[in-house]
Amino acid sequence: MVRVMTAPIIITAEMGKTDQAWANGLRRAHFPVERNFVDAHITLFHHLPPSHLPEVKSRLAALGTEYSAPVAHLTDVSLLGTAVAFQVDSPELLSLRAALADAFRGLLIPQDQALPKLHITVQNKVPASVARALHTQLSSTFRPRPLVISGLSAYYYRGGPWEHIGRWAFRG
């Protein structure tokens, strides 16, 4: 029997092991436990149709094979009302995302049609005062630094936990 997937596909940029462990540690410490279903990540697309999975896999595999890891930097700590995130600056990653957006033209929801502000969320959906306190704490010691981007991943979004589809490392 063939399993038909109806959950939307999310595409993320994956961090190197050291950066991933650091971001996951912050997320475990500060993200509400009842909402912390996934590891720290950098979302590139929020909702691609599952019917296009073969094309998604093919395009991500091609990018991984063709391109080296994009240069990226953590540039700031942002307060987003009831959330705190680290801002990610990576023109190369945005360029790769733009190529994917062009390939997926006509499939993108409005949120994915807009140019994203790349970030790593470490706290979300907490009282504003809690978010302000964490923002103050993290900002007091933050220094811009390089961030390793190691690959791309795809997931099915299921309302809570995500189901991993695959990962494609940059090898170009």
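Quick look at the values:
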| item | result |
| --- | --- |
| Percentage of interatomic Cα-Cα distances in segment 84-137 larger than 13 Å | 67 percent |
| Rg(Cα)/(2.2 N^0.38 Å) for segment 68-172, N = residue count | 1.22 |
| Angle in degrees between helix 128-141 and the longest Cα principal axis of the chain, rounded to the nearest 10 | 80 degrees |
| Cα-based helix-to-principal-axis angle, 91-103 vs the chain, degrees rounded to 10 | 40 degrees |
| Between 0 and 90°, nearest 10: helix 53-66 axis offset from the chain longest Cα axis | 70 degrees |
| Aspartates and glutamates with Cα under 13 Å of K125, excluding same-chain neighbours fewer than 8 positions away | E34 |
| Positive-pole candidate from S51, H164, V130, dipole of the chain, charges at beta carbon | V130 |
| Mean shadow area of segment 1-159 over all directions, Cα convex hull, nm² | 10.3 nm² |
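Throughout, read-outs are computed from the coordinates displayed, never taken from laboratory work. Since we're looking at a predicted model, the values are computed, not measured. For neighbour counting, all protein chains shown are included, and Cβ atoms are generated from backbone atoms with ideal geometry for every residue, glycine included.
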